[in-house]
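**Student:** Supplied in structure tokens, the structure appears directly below.
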Amino acid sequence: MTEQSRFTQHADGVVYEPARDLHWTQDDVAGGRMTHADALAAVAKLNAEAFGGFTDWRLPEVEELFLLADRSRCSPAIDITAFPTCQSDWYWTATDDASEEKDEDTGHSDYAWIVYFGYGLSSFSLRGNLNRVRAVRGPARQ
């Protein structure tokens, strides 16, 4: 990592962000696009395998993931030294779209927030759509 980088390599495949005390998966989880339910299952698999020595991985909140976006860069809009395989694509978050009512069975709305690392944008997506996943661990933003 460069001296100016706000990230350090913690372990193989794990990047540490000291300012926010967060650990991130360096590469996409499961390597491809998936539904929100599959994203949750992929993160659960990281925990079952104790990826990087940790068992408390989760989907990031939209605020956490959005702060990874570096709008001084484009395609991808992220520190590519820390995240060299990041795609210029949409990534899931754990944040529900508050404009939608929550389902009584799941406790979630039909839409979740997503972050686009092509230009550093955010929006929301139907949970059945296919997006990428970057997992995080550390104190959740409340």
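The values are calculated or read from the model by the stated rules, or taken from the named source; none is laboratory data. Note that the coordinates shown come from a computational prediction; the quantities given were computed from them, not determined experimentally. Cβ placement follows ideal geometry from the backbone for every residue including glycine, while neighbour counts extend to all protein chains displayed.
**Student:** Can you tell me which residue within segment 127-142, out of those that are within 10 Å of His36 (Cβ to Cβ) and surrounded by 15 or more Cβ atoms within 10 Å (Cβ to Cβ), is nearest to the chain's Cα centre (by Cα)?
**Tutor:** Val133
**Student:** Can you tell me which condition Asn47 does not meet? The list is (1) in a helix (DSSP H, G or I); (2) in contact (Cβ under 8 Å) with a residue 12 or more places away in the chain, and all the others hold.
**Tutor:** Tallying (1) in a helix (DSSP H, G or I); (2) in contact (Cβ under 8 Å) with a residue 12 or more places away in the chain, Asn47 fails exactly one: (2).
**Student:** Let me confirm something: among Glu61, Glu100, which residue is surrounded by 13 or more Cβ atoms within 10 Å (Cβ to Cβ) and at pLDDT below 95?
**Tutor:** That would be Glu100, the only listed residue that is surrounded by 13 or more Cβ atoms within 10 Å (Cβ to Cβ) and at pLDDT below 95.
**Student:** Continuing with this model, one more query. Given the conditions (1) modelled with pLDDT under 95; (2) within 30 Å of Thr106 (Cα to Cα); (3) of a type in the set (Val, Ile, Thr), which single one is not true for Val43?
**Tutor:** Every condition holds for Val43 apart from (1).
**Student:** If we scan segment 80-94, do we find a residue that is among the charged types (D, E, K, R), within 19 Å of Ser5 (Cα to Cα), in contact with a Pro (Cβ under 9 Å, 6 or more places away or on another chain) and in contact (Cβ under 8 Å) with a residue 24 or more places away in the chain?
**Tutor:** For segment 80-94, residues among the charged types (D, E, K, R), within 19 Å of Ser5 (Cα to Cα), in contact with a Pro (Cβ under 9 Å, 6 or more places away or on another chain) and in contact (Cβ under 8 Å) with a residue 24 or more places away in the chain: absent.
**Student:** Scanning segment 5-27 for residues that are out of contact with any strand residue (DSSP E or B) (no Cβ under 7 Å at 6 or more places or on another chain) and part of a loop (DSSP other than H, G, I, E, B), which turns out surrounded by the most Cβ atoms within 10 Å (Cβ to Cβ)?
**Tutor:** Asp27
**Student:** Would you be able to say whether some residue in segment 28-35 is within 21 Å of Tyr119 (Cβ to Cβ), of a type in the set (D, E, K, R), surrounded by 15 or more Cβ atoms within 10 Å (Cβ to Cβ) and at pLDDT 95 or above?
**Tutor:** Among the residues of segment 28-35, at least one is within 21 Å of Tyr119 (Cβ to Cβ), of a type in the set (D, E, K, R), surrounded by 15 or more Cβ atoms within 10 Å (Cβ to Cβ) and at pLDDT 95 or above, which makes the answer yes.
**Student:** Okay, moving on. Quick one: is Gly53 loosely packed, with under 13 Cβ neighbours inside 10 Å, in contact (Cβ under 8 Å) with a residue 24 or more places away in the chain, under 23 Å from Asp12 (Cβ atoms) and in contact with a strand residue (DSSP E or B) (Cβ under 7 Å, 6 or more places away or on another chain)?
**Tutor:** Answer is yes for this residue.
**Student:** State the number of residues belonging to segment 95-142 that are without any contact (Cβ under 8 Å) to a residue 40 or more places away in the chain, closer than 30 Å to Pro18 by Cβ and in a loop (DSSP other than H, G, I, E, B).
**Tutor:** Number of matching residues: 1.
**Student:** Continuing with the same structure: Which residue out of Thr93, Thr85 is touching a Phe, Trp or Tyr at 6+ places or on another chain (Cβ under 7 Å) and within 18 Å of Val15 (Cβ to Cβ)?
**Tutor:** Selected residue: Thr93, the only one of Thr93, Thr85 that is touching a Phe, Trp or Tyr at 6+ places or on another chain (Cβ under 7 Å) and within 18 Å of Val15 (Cβ to Cβ).
**Student:** Which of the residues spanning segment 28-44 are touching a Leu at 6+ places or on another chain (Cβ under 8 Å) and either in a helix (DSSP H, G or I) or free of Cβ contacts under 8 Å to residues at least 40 places away in the same chain (or both)?
**Tutor:** Val29, Ala39, Leu40, Val43
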